[in-house]
Structures are given as C-alpha cells and as structure tokens.
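The values are calculated or read from the model by the stated rules, or taken from the named source; none is laboratory data. The model shown is predicted, which means the values in this text are computed figures rather than measured ones. Virtual Cβ from ideal backbone geometry, glycine too; neighbours counted across all protein chains shown.
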Amino acid sequence: MKFLISLAFKNLTRYKRRTLITAGAIAFGLMMYIFVDSLLLGIEIESVRNLKWFETASARILNDDYWENRFQRPLDINIPNPDKIINKLEDNGITATKRIEFSGDLILNSADFGEDGNMSVVVTAIDPKRDFDVFEFGTTLQKGRFLEKNEDAAIIGSWFAEDIGAELGYWITIVTRGNGGFYEAMDLEIVGIVNCPNPNVNRTLIMMPIDVADEYLAMEGASTEISIKLPESADVEEEVIHIQNLLNGDGLTVMSWKSMAADYLAIAEAKRGGTGMILFLIFLIAAVGISNTMLMAIFERIRELGMMRSLGMSDKKIRIAFMLEAAGIGLIGSIMGVFLGIIVNFFVVKYGINYGDMYRDMDIGYRVQAIIRGAWNFKTMGIAFFAGIFMSTLVAFFPTKRALKMDIPSCLRHQ
Amino acid sequence: MKNKIITILILLSLFIPVAAFTLTGEEIIRRADNIQIFETSEASGEFQIKDRFGVKVSTFNSWSRGTNESLIEFTSRAERGQKVLRTEDELYLFYPDAEELIRMQGSMLRQSMLGSDISYEDMTGGKDRISQYDVILEGEESFKGNDCYVLIMTAKVRTVPYPKEKLWIDKETFLVWKAEYYTKSDRLLKEMETLDTKIINGRTIAVETRIVDKMKTDTETIMFMSDIKINIPIDDAMFSLEELSW
C-alpha cells in the first residue's frame, strides 16, 4: 500500500502541469459552489433581518380581531390604552413602541410635483421618541431629518420619493377615513427621506408622528399595534407566551414575527427548494468538470497502464494506484477550492455585490435592496472539501475499470 | 293698563304666524330626505366621467327600496353586468367576468366607482341623515335663481363619511341644489350641484347632477337619470345575494 501511495504521489509530481490544471478545474467548481451557497444564505439571513428590523419587529401586540381584518387596516379594532401596556412591558425589561397604521389616498399637487395625481398608500404613524428603539430606521436617513412630535410632517422611503418625484419641503395630502369612518384630509410636509434596506418598505414608506395622526383620526390615545423588540438570542415563541401572560387577556393577542410573516416564510421555504436546486446544479457542473478532467487524465495514460500490466502489476493494484492519484488531485483541488472560496467569500460577506437598479422595480420576495451580502457557511465548505476528493476518486474508478478490461496490446497501442 | 295689554297681544299676534311657519333645520332636512325616499324606485342612468384624459360614459340601471336597499347594474359595454348591491348593513360588488362576489368594507368603500368622482359609498349611501347629524339653519340664499335654505350639518357620530356638509335646499321643492362635503378638519372634499330637475309624482327630483372631487383637479362626474319610475312593485329577491350573482 505504501508503494501505491508513493507511486500515486510520484505521478502527481511528475505531471505537475496536468495535476495543477485538473486540480484547478476542481477548485474552480468548488469555489463557485461555496460562493453561490454563501450568497443564497446571505440573502436569506439579511432578508429575515430586514423583515424584523423594518416591518414586523420581533413581535407585535394586536387587538384579538385585528389580524383577520388587517388588509382593511381598521382603526376601530385597536388597542385602547397602549401606553399602559408599554409601561408594563418596560417594567419587565421589554422594549416596545406604539404605532397606528392606516390606509388612504395620497394626493399630489402640481405646485410641488409638476402634475396632479393620487394613489393608494399605507401610512404608519410612529412615536418619534421610541420607534427607533424597536425598529432600525435610525441609520437609514438619506436626506433631511427625522420626525418630531406634534408636527404635520412625514418621512418617506427613498424609492417612493423617486417614484413620485418628491423632495424635502414638498407637501403631500393624505385623504383617509378616521376612527369610525369619517373622511379626513391631512397635509404633511416631507421633512426626511430614508433609504431603507428593506425594498418593500422603501418602495412604499410614509411615516408621520403618532400624536398628529391620533388627533386627525380621533384615536383618543389608541393605537393599532404595539411593536416589540426582543434580543437576537431570545426564543421569540417563548417570549410571546410570556408577554401574552403579562397582558392577562385584555382582548389582545401577541404575534411573533414568524406568525406575521408566515406567507413570506412559506415563500422563502419554497425558494429554498429552488436554491437547493441551484446549488445542486452548481455542484453537478463542478462534478462534470471534475469527471471530465479526470477522464481525460486517465485515458491519456492508458498506454502507461498497459505497460504496468505487462510488467506484472495486478489490476487491483493499478486501480488503487489510479484512484489514489485521483484522490490526491481531488485533495489538492479541494484545498485550493476551499481556500479560493474563503477569499471570495470574505469580500462577498464584507462588501457584498451591488446589483444596483436591476431589481429596482421588481419584487423578488426577499427583503434585500441593492447590495447582496454573503454569509459564512462552514458546513458547505466541509461538504465541498470532501465532495471534491470523493468525486475525483469516484470518477477515476470507471475509466480505470474500462481501461483494465482492454487487453495489454490494445492498451499499449492506445493513442 | 288694559290698552297696553291689548297692544302687546296685537304685536305678539303679528309674530305668531311667522314663528309657526318657520321651519327648523331638521325639518328642512327631513323634507329634503323625504323627497328622495321612495317605497320603491327604478331608473336608468348615465355617468359622464371627465378627467384630463377625456370623457368616459357608463350607463346603468338602478332599483331601490326604502332608505337602505339599492341595486345598481351597469349596462355599458366595458362594465356590463357589474352590480353594486347595498343591503341593510352591507355593500357587495359583483364582477360577472370573474363570477366573483366581493363584500365591500373598510377602505374599499372609499374607492372611486368606475374612476368617477363618486365612491361606492356615495352612490349607495343611506338617506336618513337626521339621526346622524346636527343641523343648523345658517340662512337663506338664492342659488341659480332659486330661493334656498342654507344648512350646515355636523356629524353627531363618527360613522358617517362626511363630518360636515353644507347644503342649499330649495325653499319650495326641498330639492338639494348644491351640497359641499367637508372633512373633520374642514377641508372641502366634494361638491355636488343639481343641474336639471324633473317633477315625478308631484316631487321635484334631480335628473342631472354634477359631482366634483375637490381633492383631484380637472375631474368631474355628471350623472343623468332617466326613465324614473317610483313606487312600483319590485320583487323582494332583487336585493338578495342570490340575485346579485345570477
């Protein structure tokens, strides 16, 4: 066996160029596999994070009847005394903020926007003092300033601003229905534009101060939701039960982000099947590349194989020697592939890939805006490493077996 | 002393007829509502929806019973078969192409009907305003040569769409010649004006009405009503969900 290992090693060093080219092909395939896996995993992680940071928070308290009517955004199905609940949560070390979400028509006037128009929008009224403790808008300001209490002002998403041609200082009018059903119209000055990494939010976001919305909509201190931030390490489902117990009924329901984003998660799960297929195809391409180079390597050495047989070396030993050599190429390729994968991954994780405006007007489902960042997945690297060696060894088996079926003169005459 | 009393009585008697025949704001509204409420009614109509892109015409047939039941069926080519049904508590929309019945609620009620200046709610809204508004008779004005009462109605409840309405109601026929609809913060939302009338069964009824959404520019909707028949027999099933999707 020692002789066979030594023979395989010598062969590897004897044909340096061939060894390097074959191992390079393996390395490239594995690097691509690691790279694509990193990107797909990164999208998923960032998407979930952006979902929690800008849409759902970790959990949300709602009126028992709100969720089933959520698409109507009813103001009369509300939380009557949110401040009391927030104080109670704070006493238990839980950060929370109240919000009012309502739908309306956005009226654009030609004086500011060049032409008149109107469109359906969803407005989120926030507590300017507390909202950024729960949501992560604090770092997203692109222009202007954040909201202050008691001002007829709005902050909008940067994509939304681009779509409607809005600038700081422009006035928008929201026509909506107040608590009960009466019409109300409010003029709001755009004081800030935020560039939210969550495209779904950035495309539609309009925020205004909650005390102003309360007055216009006759909410009398009520809110439609209380959003809660939990530590990343927290078991959300367990915390939801804990908060539900704290509320002691009161006609309120606590929902985790997973329950609220069930549709998204179902889509993500389906996408995961798709990404699995993509990875499989990448793996297949890498495997075909490895097989091809190994086949070439074996076939061009059939004469050598015939000579070894004519000298009396057993078929079994020849097969083992060739497979050991293939495993060696696989090992070199895998080391190179994983190393290259780590280098590429480092840049993808740190800087990401900016695919710019490619998906600007497309909803790809994921809550990721222009820059896609990768994620470290050491399991994938391990799989890639061992798969590289295994595949090389495996694909060497069949051409060797075929060559060994040929008679010795045919092997020696093989071109 | 006796002469003084007689003089006062004579003076008072001069004022009695005036007080007796002066209508209150509520009474005016009640009468205005009454001329619009029929046991049953049937009519054909047409919308002319004008915006910056041009004029779009939609035709419809409508039926109503009492204050809270009505059915509108569109007959124009683009919307043929679409129906809007208002029952006591609900509003339904039927799309024949999709064979889909939609219960309108929340923000859906606010949506413009066929892109007009009229929302679904405006078209089918109940007519009993007395129970929902405080009415103040603000004064009298002549509107297009018609002597009118000018009334301000302020909502008592939050469940009505327009928190404030200003109406010009004909002193003789109690027809609403003009109406302005305001938001809670006093913004003018919509304006309605009667352009033409017809006397049917002794009542003066608006047959041409202009509605302008003041939140939009360069838009108006003119509604024509024709073939109005009132207090005719209408099958109960007309206002049922089964009939809607039939």
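Taking B:Thr194, is it more than 30 Å from A:Ile77 (Cβ to Cβ), surrounded by 20 or more Cβ atoms within 10 Å (Cβ to Cβ) and either free of Cβ contacts under 8 Å to residues at least 24 places away in the same chain or within 14 Å of chain A (Cβ to nearest Cβ) (or both)? Outline the logic, then answer.
Values: more than 30 Å from A:Ile77 (Cβ to Cβ): yes; surrounded by 20 or more Cβ atoms within 10 Å (Cβ to Cβ): yes; either free of Cβ contacts under 8 Å to residues at least 24 places away in the same chain or within 14 Å of chain A (Cβ to nearest Cβ) (or both): yes.
Spelling it out, B:Thr194 is indeed more than 30 Å from A:Ile77 (Cβ to Cβ), surrounded by 20 or more Cβ atoms within 10 Å (Cβ to Cβ) and either free of Cβ contacts under 8 Å to residues at least 24 places away in the same chain or within 14 Å of chain A (Cβ to nearest Cβ) (or both).
Mind listing just one residue for me: the one in the range A:208-246 that is of a type in the set (A, V, I, L, M) and under 23 Å from the mean Cα position of the chain (by Cα) and, of those, surrounded by the most Cβ atoms within 10 Å (Cβ to Cβ)?
Going through the qualifying residues, I end up with A:Ile228.
Meeting the requirement of 3 or more residues that are of a type in the set (D, E, K, R), the strands (runs of 3 or more DSSP E) wholly within the range B:101-202 are B:133-143, B:164-170, B:188-200. Determine whether A:Ala375 is outside any helix (DSSP H, G or I) and crowded, with 17+ Cβ neighbours inside 10 Å. Considered against the rule, which asks whether it is outside any helix (DSSP H, G or I) and crowded, with 17+ Cβ neighbours inside 10 Å, A:Ala375 comes out as yes.
I need a count of the residues in the range B:89-100 that are part of a loop (DSSP other than H, G, I, E, B) and either within 25 Å of A:Asn179 (Cα to Cα) or at pLDDT 80 or above (or both).
Residues that pass the stated criteria total 3.
Answer yes or no: is there a residue in the range A:132-139 that is in a strand (DSSP E or B), within 30 Å of the chain's Cα centre (by Cα) and more than 14 Å from every other protein chain (Cβ to nearest Cβ). No, that holds for no residue.
Picking from residues in the range B:139-181 that are of a type in the set (Phe, Trp, Tyr) and closer than 17 Å to A:Glu184 by Cβ, the one that is nearest to the other protein chains (Cβ to nearest Cβ) is B:Tyr162.
Looking at A:Ile43, A:Ile26, A:Ile86, can you tell me which residue is touching a strand residue (DSSP E or B) at 6+ places or on another chain (Cβ under 9 Å), more than 22 Å from A:Asn200 (Cα to Cα) and of a type in the set (A, V, I, L, M, F, W, C)? Before you say what the answer is, go through the steps one by one.
Numbers: A:Ile43 fails: more than 22 Å from A:Asn200 (Cα to Cα); A:Ile26 fails: touching a strand residue (DSSP E or B) at 6+ places or on another chain (Cβ under 9 Å).
None of the others qualify; the one that does is A:Ile86.
Output the number of residues of the range A:372-396 satisfying the condition of being more than 17 Å from A:Ile26 (Cα to Cα) and touching a residue at least 60 places away in the same chain (Cβ under 8 Å). Matching residues across the range A:372-396 total 6.
Anything in the range A:94-114 that is acidic (Asp, Glu) and more than 9 Å from chain B (Cβ to nearest Cβ)? List them, or say none. Even if it seems obvious, please write down each step before you answer.
We begin by selecting, within the range A:94-114, every residue acidic (Asp, Glu); these are A:101, A:105, A:112.
Those that are acidic (Asp, Glu) and more than 9 Å from chain B (Cβ to nearest Cβ): A:Glu101, A:Asp112.
For the range A:178-215, the set of residues classified as within 11 Å of chain B (Cβ to nearest Cβ), closer than 20 Å to A:Lys98 by Cα and in contact with a strand residue (DSSP E or B) (Cβ under 6 Å, 6 or more places away or on another chain) consists of A:Gly178 only. Assessment of the range A:70-77 against the conditions (farther than 30 Å from A:Asn345 by Cβ, crowded, with 18+ Cβ neighbours inside 10 Å and either away from chain B (no Cβ under 14 Å) or among the hydrophobic types (A, V, I, L, M, F, W, C) (or both)) yields at least one matching residue. When restricted to residues that are assigned to a strand (DSSP E or B) and more than 17 Å from the chain's Cα centre (by Cα), the range B:63-88 contains 3. Going by what's in this entry, would B:Phe60 be described as closer than 29 Å to A:Gly117 by Cβ and either in contact (Cβ under 8 Å) with a residue 60 or more places away in the chain or assigned to a strand (DSSP E or B) (or both)? Against the criterion (closer than 29 Å to A:Gly117 by Cβ and either in contact (Cβ under 8 Å) with a residue 60 or more places away in the chain or assigned to a strand (DSSP E or B) (or both)), B:Phe60 qualifies. A:Pro399 falls short on exactly one of the conditions (1) over 30 Å from A:Lys316 (Cβ atoms); (2) part of a helix (DSSP H, G or I); (3) modelled with pLDDT under 85, and that condition is (1).
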